[in-house]
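Mind having a look at this structure? Questions to follow.
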Amino acid sequence: MILERERRGRVEILRLNRPEARNAMSPELSVAIEEALDDVETDDDVWTLVITGTGPIFCAGADLKAVASGNAAAIETKKGGFGGIARRDFPKPIIAAVQGPALAGGFELVLACDLVVAATEATFGLPESKRGLLAAAGGPIRLAHRVAMPLALEIVMTGEQISAERAYQVGLVNRLVPADSVVDEAVALAEVINANSPTSIRASRKLVKGAVDGTEADGWKLTAELGRVVFGSGDAIEGSTAFVEKRAPNWNPPAL
């Protein structure tokens, strides 16, 4: 099975399972990820997603055998693009659990996630310029939003890898842990998120992402729109009541 799936409570774990090919993204793996995302998106029992890999490498990018055979276009799905996720507007939080090198499309897969838990020995890089290629699965676009421009340019123009420690220092990584703990730490982080109102989480996530490209005025408009949904969901009353009664909240189904 090229993509393994595991459920831990309200957390769904997707594990790239092509260790013999450095978990490189093949057309079949892209389709499998997209189909899994379709399942998870409509499953109200899943609130958060974790993506990781099998073996010492997270993902080495596109499968060069598929590229060499003229089948590179098939690695991109119609809905999500590269890996079934690069261009997808997925409504639920996604955490990358990176146990080793995440290179080329593998790094772009990480950048498509919301949060990153990485092993201390993990590395990240976009080496396309070394091969006369272009990182076309959103990597340069997302880097420009997440780190200072000089660093984004350094990563794409040199093609050199950066360490997990440096990625953590510049904010590309949220947690730095031993390799054998990345999935457990990612799930623990997901569970902290899942203790909160799913409607509030999705609205807050949408507001942060919307603020990246919009003006402050756009942000206030989106705040008003999302506020109507959040305060109309009943979770504000439930959250306040649970606090007063010193109990865990019983959240309503997500309204977004």
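Each reported figure results from applying straightforward, stated rules to the coordinates on display, with no laboratory input. Bear in mind the structure is a predicted one, so any value in this text is a computation, not a measurement. Here the Cβ is made from the backbone with ideal geometry for all residues, glycine too, and neighbour counts use every protein chain on show.
Where in segment 105-157 are there GluC sites (Glu not before Pro) that are in a DSSP coil and have at most 12 other Cβ atoms within 10 angstrom of their Cβ?
Numbers: sites: Glu108, Glu121, Glu128, Glu154; in loops: Glu121.
The qualifying sites: there are none.
Sticking with this one: Considering all projection directions equally, how large on average is the shadow of the alpha-carbon convex hull of segment 3-194, in square nanometres?
Dividing the Cα hull surface by four gives the mean projection, 9.7 nm².
Once the Cα atoms of helix 149-158 and of the chain are each reduced to a long axis, what angle between those two axes, in degrees from 0 to 90 to the nearest 10, is obtained?
The angle comes out at about 30 degrees.
Compute the angle between helix 182-194 and the longest alpha-carbon principal axis of the chain, please, reported from 0 to 90 degrees and rounded to the nearest 10.
In the chain, helix 182-194 runs at an angle near 30 degrees to the longest axis.
Now, a different point. Cα convex hull of segment 198-245: how many Å³ per residue? Please report the intermediate quantities before stating the final value.
Working: hull volume 3.1 nm³, N = 48.
So the per-residue Cα hull volume is 65 Å³.
Still on this model: By how many degrees, 0 to 90 and rounded to 10, does the Cα axis of helix 198-213 deviate from the longest principal axis of the chain?
50
Along the charge dipole of the chain, Cβ charges K/R +1 and D/E -1, which of Gly132, Leu49, Ala236 sits furthest on the positive end?
Going by the Cα projections, it comes out as Gly132.
According to a simple spin-label model (label point 7 Å from Cα along Cα-to-Cβ), what is the distance in nm between Val229 and Met157?
4.0
So, in nm, how far is label Glu41 from label Gln169 when the simple model puts each one 7 Å beyond its Cα toward the Cβ?
Here the answer is 3.9 nm between the modelled labels.
Please report the antiparallel percentage of the DSSP beta bridges confined to the chain, to the nearest 5. Write out the running numbers ahead of the final one.
Values: 10 of 30 bridges.
Restricted to the chain, the bridges split so that about 35 percent are antiparallel.
What nm distance separates the two modelled labels at Ala188 and Ala148, each placed 7 Å from Cα along Cα→Cβ?
It works out to 3.1 nm between the two label points.
Would you mind working out the magnitude of the charge dipole of the chain relative to its Cα centre, with +1 at each Lys and Arg C-beta and -1 at each Asp and Glu C-beta, to the nearest 20 Debye?
So the dipole magnitude of the chain works out to roughly 340 debye.
Return the FRET efficiency for the residue pair Ala242, Arg131: r is the Cβ-Cβ distance, R0 is 45 Å, and the value is rounded to the nearest 0.05.
Numbers: r = 54 Å, r/R0 = 1.20.
So, using R0 = 45 Å, E works out to roughly 0.25.
In whole Å, what is the distance between the alpha-carbon centres of segment 117-144 and segment 41-96?
Their Cα centres are 15 Å away from one another.
Arranged from highest to lowest average of other beta-carbon atoms within 10 Å per residue, in what order do the peptides 157-166, 29-38 appear?
Numbers: 157-166: 15.9, 29-38: 20.2.
Top of the packing list down: 29-38, 157-166.
Using the Cα centre of the chain as origin and beta-carbon charges of +1 (Lys, Arg) and -1 (Asp, Glu), tell me which of Ala144, Ala86, Ala66 is placed farthest towards the positive end of the dipole.
It is Ala144, whose Cα lies furthest towards the positive end.
Express as a percent, rounded to the nearest 5, the fraction of DSSP beta bridges in segment 72-134 (both residues included) that run antiparallel. Before the final figure, lay out each step's value.
Working: 2 of 8 bridges.
Percentage antiparallel, nearest 5: 25.
In debye to the nearest 20, how big a dipole does segment 90-193 give about its Cα centre with +1 on each Lys and Arg Cβ and -1 on each Asp and Glu Cβ?
Details: 7 positive and 11 negative charges, 73 e Å.
So the dipole magnitude of segment 90-193 works out to roughly 340 debye.
Let me ask another. So if I place +1 on the C-beta of Lys and Arg and -1 on the C-beta of Asp and Glu, and nothing else carries charge, what would the dipole magnitude of segment 198-245 be about its Cα centre? I want it in debye, nearest 20.
Details: 6 positive and 7 negative charges, 35 e Å.
For segment 198-245, the charge dipole is close to 160 debye.
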